[in-house]
């Protein structure tokens, strides 16, 4: 798959000396969904703003669809749709006119059928003649998405798109994202809902302190950096972990009926067989065992804490 966005040694340093981005390089393939994760102030929004032409970089280059964002900015910008974090809408304008106006800004001819399709997909058709000030916060965010899609972009940036949106609306919005991906739209999102990134993204990029720590396929990232937790349910509760089992990294539940054991899935030996044998030798009867794979949130917190150390 050809790359639609090519980022090479991108940097942004402000006059105060703050480095918002530090030598970031990556490529994004056409039609994929990539999630950018990082703590507040990591540089995610700065990178998006540079690609969208809202912030001028101090170093490096970005090409969108083969167009340099600085020397051929008009062609590059035409390929991009942006849903910003902040909700900024004309309060007295009708929803449908907001979308029409944005389409016109890009020099696109009127297409009422396409606008209707967008509004219906985002459950905004019944609100098309309502002033934006009459909408809830979640519905206003949907209008932002409709505006971003008005000129039929090939790349869509979603900067915290589901902030303040209830569960039902969030699910519908991600269905729209899935439909766009099937149509070949490339989607780059930032989110603090890590379960969304885990479910939706093809790849995950982790940013901290302006540096891109890594970019990996989602499943590979969890498999490479993830750990599993073994939960051992006991027949009889324990008052404490026996002396012969201490120092093994075991945890005991408050009611004494469950032991927990974290292990590395990449290790040649996990230590599980030895642990179960030692439990039997101690006369501890096991009722059941289960495992839990690390979530993307666990992996993310681990990576960021390693970077901060």
Item to check | Lone qualifier among 118, 51, 87 - being under 25 Å from residue 191 (Cβ atoms) and in contact with a strand residue (DSSP E or B) (Cβ under 9 Å, 6 or more places away or on another chain) | outcome: 51
Next on the checklist: Please determine whether any residue of the range 224-231 is out of contact with any strand residue (DSSP E or B) (no Cβ under 9 Å at 6 or more places or on another chain) and not assigned by TED's automatic domain parsing to the domain that holds residue 24.
Outcome noted: no
Item to check | Qualifying positions in the range 67-87 - in a loop (DSSP other than H, G, I, E, B) and in contact (Cβ under 8 Å) with a residue 24 or more places away in the chain | outcome: 79, 84, 85, 87
Item to check | Matching residues in the range 99-126 - criterion: being under 15 Å from residue 172 (Cβ atoms) and over 29 Å from the mean Cα position of the chain (by Cα) | outcome: 126
Checklist entry - For the range 155-170, does any single residue satisfy the condition of being within 24 Å of residue 203 (Cβ to Cβ), free of Cβ contacts under 8 Å to residues at least 60 places away in the same chain, in a helix (DSSP H, G or I) and under 16 Å from the mean Cα position of the chain (by Cα)? => result yes
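Results for (1) touching a strand residue (DSSP E or B) at 6+ places or on another chain (Cβ under 8 Å); (2) in a strand (DSSP E or B); (3) surrounded by 20 or more Cβ atoms within 10 Å (Cβ to Cβ), shown as yes or no for each residue.
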| residue | (1), (2), (3) |
| --- | --- |
| 17 | no, no, no |
| 26 | yes, yes, no |
| 34 | yes, yes, yes |
| 39 | yes, no, no |
| 45 | yes, no, yes |
Checklist entry - Taking the condition modelled with pLDDT of 90 or more, exposed (fewer than 15 other Cβ atoms within 10 Å of the Cβ) and on the phi < 0 side of the Ramachandran plot, does residue 131 pass? => result no
Checklist outcome for this item: Taking the range 155-168 and the residues there that are surrounded by fewer than 18 Cβ atoms within 10 Å (Cβ to Cβ) and either farther than 21 Å from residue 51 by Cβ or touching a strand residue (DSSP E or B) at 6+ places or on another chain (Cβ under 9 Å) (or both), the one that is modelled with the lowest pLDDT would be 164
Checklist entry - How about the range 218-241: which of its residues are out of contact with any helix residue (DSSP H, G or I) (no Cβ under 7 Å at 6 or more places or on another chain), farther than 13 Å from residue 291 by Cβ and surrounded by 15 or more Cβ atoms within 10 Å (Cβ to Cβ)? => result 223, 234, 238, 241
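The values are calculated or read from the model by the stated rules, or taken from the named source; none is laboratory data. Given the structure is predicted, the values throughout are model-derived calculations rather than measurements. No Cβ is skipped: glycine too gets one built from the backbone with ideal geometry, and neighbour counts run over all protein chains shown.
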